[in-house]
Amino acid sequence: MPKVKIELLKEGMVVAADVKNMDNMLLMPAGAALSAKHISILQAWGVGEIDVEAADNIAAAADPIAQLPPEVASRLAAEIKSLFWKLDEADPVQMEIFKLILHRRARKQLDA
């Protein structure tokens, strides 16, 4: 049961585990098929990602880094790390910024 980021969700995907807000209120029950309205509601509640059934191929297709040869992906990662003064890999904010930059550069590499 892989986690899929909200921006990658598609209508018809099936929720694998209950989705609750910070107050433990149920937003989406497990087994529910997602509609556009459901996705909008999850975004409005600030949900970042959810567990969905059989989404391995969706996540892999949406990940541009997985589509690059390993040597190109590691070269891009090294280039991006050099842009940071001191990348703290334990800091979730810095790592999210790093991943966003890496994904953007990987997409550019694939489009070229």
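Structure notes:
- Pairwise label distance in nanometres, LYS99 with ALA66, each label 7 Å out on the Cα-Cβ vector: 1.3 nm
- Put in line by how crowded their Cβ is, counting other Cβ atoms within 10 Å and starting with the fewest, MET25, MET13, MET95 read MET25, MET95, MET13.
- Here Rg/Rh (Cα atoms, Kirkwood Rh) was calculated from the structure, and among (1) 0.96; (2) 1.28; (3) 1.04 it sits at label (3).
- For the chain, with +1 on Lys and Arg beta carbons and -1 on Asp and Glu, the positive-most of ASN21, TRP45, ALA106 along the dipole: ALA106
- Distribution of pairwise C-alpha distances over segment 64-111, 10 Å bins, in %: 28, 54, 18, 0
- Whichever lysines have a C-alpha closer than 24 Å to that of LYS37, once near sequence neighbours (fewer than 8 apart) are set aside: LYS3, LYS5, LYS10, LYS20
- Each residue in TRP45, TRP85 was given a count of other beta-carbon atoms within 10 angstrom of its own, and listing them fewest first yields TRP85, TRP45.
- Surrounding net charge for VAL15, when Lys and Arg each add one and Asp and Glu each subtract one, Cβ distance under 10 Å: -3
- Anchor LYS86: lysines whose Cα lies under 22 Å away (excluding residues fewer than 8 positions away in-chain): LYS99
- Extension gain, LYS3 back to ALA112 (0.36 nm per residue minus Cα-Cα distance, nm): 36.3 nm
- Helices in the chain, meaning DSSP H runs of at least 4 residues, each add -39500 (n - 2.57). Divided by all residues, the mean residue ellipticity at 222 nm is -14500 deg cm²/dmol.
- Charge tally for GLU49 (other residues, Cβ to Cβ under 10 Å; Lys, Arg +1; Asp, Glu -1): 0.
- Among ILE50, ILE39, a tally of other beta-carbon atoms within 10 Å of each Cβ gives an order, fewest to most, of ILE39, ILE50.
Here, each number is a calculation from the coordinates, and none is a lab measurement. Small disclaimer: the values here were computed from a predicted structure and weren't measured. Cβ coordinates were reconstructed from backbone atoms using ideal geometry, including for glycine residues, and neighbour counts include every protein chain displayed.
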